[in-house]
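What follows is one structure encoded as structure tokens, with my remarks underneath.
The values are calculated or read from the model by the stated rules, or taken from the named source; none is laboratory data. Just so you know, these numbers come straight off a predicted model, no measurement behind them. Here the Cβ is made from the backbone with ideal geometry for all residues, glycine too, and neighbour counts use every protein chain on show.
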Amino acid sequence: MTTPAATPAPAPVRRGTARRLLANPVGAASSIVLVVIVFCAVAAPLLTSYAPSDSALKDVLAEASAAHPLGADGSGRDIWTQLLYGARQSLIAGTIATAVAIIIGVPAGLISGYRGRRLDTALSWVSDLVMSLPAIIVLLAVISRTGPVMPVVMVAFGLLTAPFFYRITRSSTLAVRNELFVDAAQVAGLTPLRILARHVLPTVRGPILIQGALVLGMAIVAQAGLEFLGLGDPSTPSWGTMLNDALRNIYVAPQLIVFPGLALGITSCALALLGAALNDSLSRRDTAAVRPAPRAKAPRAASATTAASSDGVASSDGVASAAATTGLSPASTAGAALVVDGLRVSYGATEVVHGVSFTVQPGEVVGLVGESGSGKTQVALASLGLLPDTARPVLRGLGIDGVDATGFTDRDFRRVRGTRIAYVPQEPLSNLDPAFTVGYQLIEPMRHHLKISKAEAHNKAVALLARVGITEPEATMARYPHQLSGGMAQRVLIAAAVSCDPALLIADEPTTALDVTVQAEVLDLLRDLQRESRMAILIVTHNFGVVADLCDRVLVMRSGEVVEQGTAATILTAPQHEYTRALLGASLDSAPSRRDRDRALTAASAVSSTDSSLTASETTHA
Amino acid sequence: MVRFLLTRFGGAVVLAFIVSTGTFFLLSTAGADPAAALLGIDATSAQIAVKRAELGLDAPLPSRYLNWLGGALTGNLGTSWSTNQQVSSLIATRLPVTLSLAVGAILLSSVLGITLGYISAIKRGWLDRTLQFVVVIGYGLPGFWVALVLSTVFAVQLGWFPATGYTPFTQSPTGWAGTVILPIVALTLGVAASIAQQTRDSVLDVLRQGYVRTLRSRGLPHWRVLVLHVLRNAAAAPLGVISLQFIGLLGGAIMVENVFALPGLGTFAVSSSISSDVPAILGIVVVGAVTVVIVNLILDSVMAWLNPKVRTR
Amino acid sequence: MSRFTVFGAALLVSAVALTGCAATTGGTSAAGDDAEKVLTIGAFYDQPSFNPADSGSGHPVQYMQAVYDSLTKLDPDGTVQPSLATSWSYNDTKTVLTLELRDDVTFSDGTAFTAEAVKANLENVLAGSGQGSSSLASIQSVEVASDTSATITLTAPDPALLYSLGQEGGFIASPTAITAGDLATTPVGSGPYLLDAAQTTAGSEYTFTRNPDYWNTDEFPYDEVVIKPLLTEAARLNALKSGQVDATGGVAKMVAEAEGSGLTVTTAPGDWQGLHIADRAGEVVPALADVRVRQAINFAIDAEGILETIRLGYGERSSQIFSPSGSAWDAELNEAYPYDPEEARALLADAGYADGFDLPMVLSTDYLGDVQAAIEQGLGDVGIRVQWTSVPLTSLGAEMFSGKYPVYFAKLATTPIPWKDLQLPISGMYNLYGTEDATVTSLMSEIGAADDAETGALYQELNEYLVTEAWFDPWYVQDNIYLSNNTVEVEMQQGQIIPSLYNYSPAE
């Protein structure tokens, strides 16, 4: 039987921003609307036979007719004509303001981010000052001096909104500035201008466009607002002046507020929508492509414990098929710490895990080994019910510490998470809630699951921290995650995971993000904990050294399938599958062995206790 | 934290000073003669001269500025040219009206916006799309136009609310509510939209963070994770938007006050601008800037308190 | 049992209290009962100053009439009646006016009203920046003949003086208060009401309570008058409809809505609106020196059309700068310039301007907005190309009278006293280039010297001359429109934009 062709996890489709924008229905629609508006403004003389100042007294407040498709205003001018020419006024006003804002804000941001120091402080301070000014009030003050001269007022508005562009440019520049390659470029003799142009501007182009769309909308509405207040030039048609006229005629012709209001609203909305669509397409959030899947529910299938024999779907090409070596017999599944039977995971139309089955016995340490993209993390997360919403897991059966978890909803999973099954993630610092103290995050699950008092939980937490090797447990309780080192944070996470005595701990590459010496300590910790509490561990790793150190059994995964299973000793010394051999060959060659690492550790801490020699001798692992 | 507050407060003082100085010189430079503007079209040059003398317009600019500054530092913002009242008492009377609108709108839109944005980010699906759509509509429609429509429909046609006028809260809470409801709703739409959008994005961002999954892995109750942890972490960004929106609200309040004829700073600002009443405009600009700074100070303090990195410094 | 009685009593008391509260809030009480009669008026503008020296004409009059008496009093039809001045007489050359004064009037600060007060007040107004100083411009000096007699010496005869002393020129404040210098915010007068500072919020509500010592109480039936400035038309109409005010000024566009809501609409002739063709000497635009060109302008604008469509017919077609209520009015003159673009073009061709000419004009949204299009269209159709300069309202005065614009749109008051109507456009600043004309000058000096009975014919002669010479292009006399509800009866004041305070009375 054939296996489904191994396909990688879905990668973002490489398309240009513009094309992505237009593929987004919102982006396309708003772009079209804006193009129409611009066209109307530019081609106004073609779209109407009236001049903008044409009026006829007999037509004052005329209703819609052939001569006046939208009716006429309080002076007898055609409304359709006023709308068209008014579009010019609005667009010109908005463009002036936005252009000024960009011309002032972007270079200022570039200089600020690049030069830094005092110039940056000064410019930032000025920017904050300007942003604190209530714009309309300032514009009123300007008008009281200069009169309703639209370009002047719009330049003023541009100055007031320049800080928006200043800020985004500055932060982009800062981010790039700190990149190493900038220093390299400087050494190579590139002028700042060149560096800015080639490296900073491309990254900041997107946000500027988005902000520009928004500011354009703001400027158009602000200009209309001032005209509405009567501070515009009545001899030039504009939407705001039309609304002012509408207000004057509110009792005899309330319908006059409709069209200029709609024109303003549509333009402003289109610009806002365009900004949002640009935002989406620039950050590659394909809003249309990926539909949020319904909450992952495994279909009710036959109970895991009765799942016997050939699950042919799990087989790969012949040798050492997972089904054969899983041994999902009632014997192995009953009382197991973890039973996974026939797990498939798909994202959209792509399947990334193709029928994986295995068990973890109580007290056993099982290694899930594979390269990136092998699907091992998917398996780990699926066991916890913590796959993302976009994933669709399908299970024939799932068993957690004797509980039949097949078809569990998230609510059901919550009953077993923490108490029966726990999780230690890969990146320690980004997996602690930065807004709460270490102590809080330890106490929280204990109080919830164990129903103990705050004081009791506090004491338990302190003890846990001490157990995991934190030197000042009491002080650490009050610390925030950003005050911890990577190693400390991982210890905290381990402590939190084991705090409610789970039967199974799933550790997803727990040492990958740590320094080498710390890695060793954390692994030691895990081993000690496991020995003390007889907790089962499923450890996901790409590192055979970890396997050798901790694991009883090993599952080797490739492209979403288990290609080989066996005891650690067997896998390490006599791998059957060619892939396993390839992996071993690649890793053992480059990484130092455990023995070597221990020697290095001992040598480094030569002054420390004699226990180090004991540690070294306990490395051999069956 | 204390040092943070002190530096911000110091910044506020400096800001007020700079804004007032800048505005003073802006308004006092060449332009329409305020005396002529105040007296109206039919004023003779003799009358204008008398008025100029009254207003002290013939004194040299620096001495006028120092006079004003000296007065301002002791709380005396001068006398309004168009109403002969003390600018400070005029502003004191009118500020509560504008604040009723601005604060009311900010509170209402914060509650609405954060709730909608939050729910939309959590639930996704059609609710999210609908919200996105509504957000854009709310964001795009000009506030004064919405006010116009609300006034026409609910006040003039249906008569549910007074179309004009303001009842102070101390006089009658229900009356006050009746006079500010429509203006606040008109202002809320755009602001709530912005806040909802920002909240949604922020919550989505937080949901993508590793620690959310790790928290879930501990079997914590749903609400604990989503409300206590997620909302707590997602709050900072909307707060930033709220503070920006408040600045915009002061401008929006001007438009809306004019539609509903509310005796707030907005109508006062427009009439002062039209009549070139320099002391009044100056006072309004200064008070406006200071109000914004105070509100930002409060919001920044909250944001700083929320951010452990700042709190523990 | 007693508990229920107490509870029931409490309910009853609170119910009574609530209805009492409801009755007194919201404005007027029903006419005819013993409760206080309160009149609430919606005003167009706020009152910046109670100092008569600062006071403008027109809208401020109600604020002033509440707290001050004027030297003369104007009947609703404009007839000058005695007030603080009981009688008066001119000398032969009409350059000295003697006023006999009341001896029984006291200001609210206890100061007695004497001729000293008259002198102090007139001098105060003359030195001020308000429009009173223009109205009293002909006064050279004021002498105190006795406590009850004042003598006013004029630089030239002024047929409008006695009328002005009943308006912005003649409000009399306590001389002590004038010296004290805080009249602007604290009025001290002898008038029918006193400003109730406790119930007054500057800019939003002014409350005036009855002056118990007033010498002419019968004229003012209301115990309390409240004036609320409402700055937008919509606000005024809404306040009236909802009962927050009893009466307020209106505009043509509101009338249908007002009538539909059961409000009363009263009108009287108000401003004349139209073009001032100031450059009769042709200094800026030579074409305008030719009377045919000026007449062409009169024919070119469809004034009737503007009146009907933009002013909704609230006014009377007029080619004159005078009021229908005055003696200069001649209805036949209104036929002089019907809308006739053909005639206009013919006249222009006759004058040598078949290709038309350029005409710079100035405009501002709130002053011209709604007729700008009609002007441009009408003049454009006959070849006169208007070039607009837009300025904010604050600069409009300076621009308009700068001399750059030979023709400008303006609105000017018309009053029962034609002399007053002539001041600004002929003798005053509206005559931009100071053009003089022998006929006009001689007629005006004749009028100054004549007795009241003879002036009518002279005014009419002057009027006809101005119309034939097309010094102006008046379009119509617009109506002053006033709206009120059914609790109050209002009589319009001729030549004044809003009714005088004594023109209101509770409806029967």
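Of the residues contained in the stretch B:61-79, none is found to be part of a loop (DSSP other than H, G, I, E, B) and within 14 Å of chain C (Cβ to nearest Cβ). For beta carbons closer than 6 Å, sequence separation of 6+ or different chains, a first residue in the stretch B:41-58 that is modelled with pLDDT of 85 or more and a second that is in a loop (DSSP other than H, G, I, E, B) and not aromatic (Phe, Trp, Tyr), the qualifying pairs are B:47/C:129; B:50/C:129; B:51/C:129; B:52/B:58. Only one of the numbered conditions (1) touching a residue at least 60 places away in the same chain (Cβ under 8 Å); (2) surrounded by fewer than 22 Cβ atoms within 10 Å (Cβ to Cβ); (3) of a type in the set (Asp, Glu) is violated by residue C:479, and that is (2). Pairing residues of the stretch B:250-266 that are within 7 Å of another protein chain (Cβ to nearest Cβ) with residues that are hydroxyl-bearing (Ser, Thr, Tyr), at Cβ distances under 6 Å and at least 6 apart in sequence or on separate chains, gives B:258/B:267; B:261/B:164; B:261/C:232; B:263/B:166; B:263/C:204. One residue stands out in the stretch C:183-198 among those that are within 12 Å of chain B (Cβ to nearest Cβ) and farther than 22 Å from residue C:500 by Cβ: the one that is surrounded by the fewest Cβ atoms within 10 Å (Cβ to Cβ), namely C:186. Number of residues in the stretch A:227-242 that are more than 7 Å from every other protein chain (Cβ to nearest Cβ) and touching a Gly at 6+ places or on another chain (Cβ under 8 Å): the value is 7.
Yes or no, residue by residue, for (1) in contact with a Ser or Thr (Cβ under 8 Å, 6 or more places away or on another chain); (2) part of a helix (DSSP H, G or I); (3) crowded, with 19+ Cβ neighbours inside 10 Å:
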| site | (1), (2), (3) |
| --- | --- |
| B:229 | no, yes, yes |
| B:243 | no, yes, yes |
| B:250 | yes, yes, yes |
| B:255 | no, yes, yes |
| B:263 | yes, no, yes |
| B:268 | no, yes, yes |
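Residues in the stretch B:18-36 that are at pLDDT 75 or above and within 17 Å of residue B:53 (Cα to Cα): B:28, B:33, B:34, B:35, B:36. For the stretch B:192-213, indicate whether the set of residues that are in a helix (DSSP H, G or I), more than 11 Å from chain A (Cβ to nearest Cβ), in contact with a Pro (Cβ under 8 Å, 6 or more places away or on another chain) and of a type in the set (Phe, Trp, Tyr) is non-empty. No, that holds for no residue. Residue B:125 falls short of the stated requirement of being within 10 Å of chain A (Cβ to nearest Cβ) and either touching a residue at least 60 places away in the same chain (Cβ under 8 Å) or surrounded by 22 or more Cβ atoms within 10 Å (Cβ to Cβ) (or both). Comparison of A:105, A:109, A:147 shows that the only residue that is buried (at least 20 other Cβ atoms within 10 Å of the Cβ), in contact with a Ser or Thr (Cβ under 9 Å, 6 or more places away or on another chain), closer than 23 Å to residue A:216 by Cα and within 14 Å of chain B (Cβ to nearest Cβ) is A:147. Elements of the type helices (runs of 4 or more DSSP H) sitting completely within the stretch A:405-509 and holding at least 1 residues that are in contact with a Phe, Trp or Tyr (Cβ under 9 Å, 6 or more places away or on another chain) and at the interface with another protein chain (Cβ under 9 Å from one of its Cβ atoms): these cover A:410-416, A:438-450, A:486-498. Just so you know, in the stretch A:244-259 the residues that are at the interface with chain B (Cβ under 9 Å from one of its Cβ atoms) and either in contact with a Gly (Cβ under 7 Å, 6 or more places away or on another chain) or not in a helix (DSSP H, G or I) (or both) include one that is farthest from residue A:31 (Cα to Cα), and it is A:251. Please determine, by comparing only the residues of the stretch B:134-167 that are at the interface with chain A (Cβ under 7 Å from one of its Cβ atoms) and outside any helix (DSSP H, G or I), which one is surrounded by the fewest Cβ atoms within 10 Å (Cβ to Cβ). So the residue we want is B:141. Can you pull out the residues in the stretch C:379-413 that are farther than 23 Å from residue C:295 by Cβ, more than 7 Å from every other protein chain (Cβ to nearest Cβ) and in a strand (DSSP E or B)? Result: C:389, single match.
Of C:435, C:441, all but one fail to be under 18 Å from residue C:466 (Cα atoms) and either at pLDDT below 90 or within 12 Å of another protein chain (Cβ to nearest Cβ) (or both); the exception is C:435.
When you go through A:374, A:357 one by one, which is the residue that is at pLDDT below 90 and either within 18 Å of residue A:508 (Cβ to Cβ) or part of a strand (DSSP E or B) (or both)? Exactly one residue qualifies, and that residue is A:374.
Considering the stretch B:19-34 alone, what residues qualify as being surrounded by fewer than 22 Cβ atoms within 10 Å (Cβ to Cβ), part of a helix (DSSP H, G or I) and either within 14 Å of chain C (Cβ to nearest Cβ) or aromatic (Phe, Trp, Tyr) (or both)? Result: B:25, B:27.
Taken over the stretch A:45-83, the residue count meeting the criterion of being free of Cβ contacts under 8 Å to residues at least 60 places away in the same chain, within 22 Å of residue C:300 (Cα to Cα), crowded, with 20+ Cβ neighbours inside 10 Å and of a type in the set (Gly, Ala, Ser) is 3. The set of residues in the stretch C:125-162 being of a type outside the set (S, T, N, Q) and in a helix (DSSP H, G or I) consists of C:125, C:126, C:132, C:161, C:162. Remark: residue C:376 matches the filter, which requires a residue to be crowded, with 18+ Cβ neighbours inside 10 Å, free of Cβ contacts under 8 Å to residues at least 60 places away in the same chain and more than 14 Å from chain B (Cβ to nearest Cβ). Taking the stretch A:376-404 as the range and being touching a strand residue (DSSP E or B) at 6+ places or on another chain (Cβ under 7 Å) and more than 14 Å from every other protein chain (Cβ to nearest Cβ) as the test, the residues that pass are A:376, A:379, A:392, A:393, A:394, A:395, A:396, A:397, A:398, A:399. Look at (1) closer than 25 Å to residue A:448 by Cα; (2) β-branched (Val, Ile, Thr); (3) over 26 Å from the mean Cα position of the chain (by Cα) and you find that residue A:554 fails only one, number (1).
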